[in-house]
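Following: one structure in C-alpha cells, then a few remarks.
The values are calculated or read from the model by the stated rules, or taken from the named source; none is laboratory data. Only a predicted model underlies this, so the values are computations on that prediction, with no experimental measurement involved. Heads up, the Cβs are rebuilt from the backbone with ideal geometry, glycines too, and the neighbour counts pull from every protein chain shown.
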C-alpha cells in the first residue's frame, strides 16, 4: 500500500473484532512510526502509554465518554505531551507535534491491517486530569487511539473540496 492509498483508505473505526490482538511487534512498529514524526526543534515532546488492560480501558471509557469503541478494541495508545521539553527552545508547539505523531500512528496501523479511532482528550482540563490519574502520568494526555482489527467498513466522510483551496 502506498501512502496516498493509506490516507484515502483510513477510517475511524468504532467496532473491532474481539478475538484479535495486536502483537507487540506490530505495536512497536506503530510506536516507531509515531516517534518518527516531525517536531519543533526536534524536541520530540511526547510519551506513549499502551493500554491493553480491560480494567484500564473501562476507566478511560468512564473518563472520556466518546471512547466507547474501547469495549471491543484490543488495545489503545494514549499520546501524552511533555511541554516542558520545549520551554526554552520553542514553547507551545507540543500539541501540533503530538498530533503529527498520532497521524503517523494511524497510517502505520492502516499499513499493518488495523483500524483505529483517534479520540481527543486535551484541551479539556477535567478529562486531562482524570486521564493523568488513571494512567499515573504527569505528562498531558492529548489523545487516545483505539487499535484493532476492524469489524466494520464505514464509507469515507472526507473529500477534496477545491473551494477550500487558495493558490497565490
Quiz prompt | So residue 90, is it in contact with a helix residue (DSSP H, G or I) (Cβ under 8 Å, 6 or more places away or on another chain), surrounded by fewer than 15 Cβ atoms within 10 Å (Cβ to Cβ), in contact (Cβ under 8 Å) with a residue 24 or more places away in the chain and more than 16 Å from residue 128 (Cβ to Cβ) | solution = no
Quiz item: Which members of the stretch 75-120 meet the condition of being over 20 Å from residue 11 (Cα atoms), touching a strand residue (DSSP E or B) at 6+ places or on another chain (Cβ under 7 Å) and in a loop (DSSP other than H, G, I, E, B)?
Solution: 82
Quiz item: Name the residues in the stretch 121-168 that are within 18 Å of residue 99 (Cα to Cα), part of a helix (DSSP H, G or I) and in contact (Cβ under 8 Å) with a residue 60 or more places away in the chain, would you?
Solution: 127, 131
Exercise. Spot the failing condition for residue 80; the list is (1) in contact with a helix residue (DSSP H, G or I) (Cβ under 9 Å, 6 or more places away or on another chain); (2) surrounded by fewer than 15 Cβ atoms within 10 Å (Cβ to Cβ); (3) farther than 30 Å from residue 160 by Cβ, and only one is missed.
Key: (2)
Quiz item: (1) under 15 Å from residue 114 (Cβ atoms); (2) surrounded by 13 or more Cβ atoms within 10 Å (Cβ to Cβ); (3) at pLDDT 95 or above; (4) out of contact with any strand residue (DSSP E or B) (no Cβ under 8 Å at 6 or more places or on another chain): which one isn't true of residue 6, the others all being true?
Solution: (3)
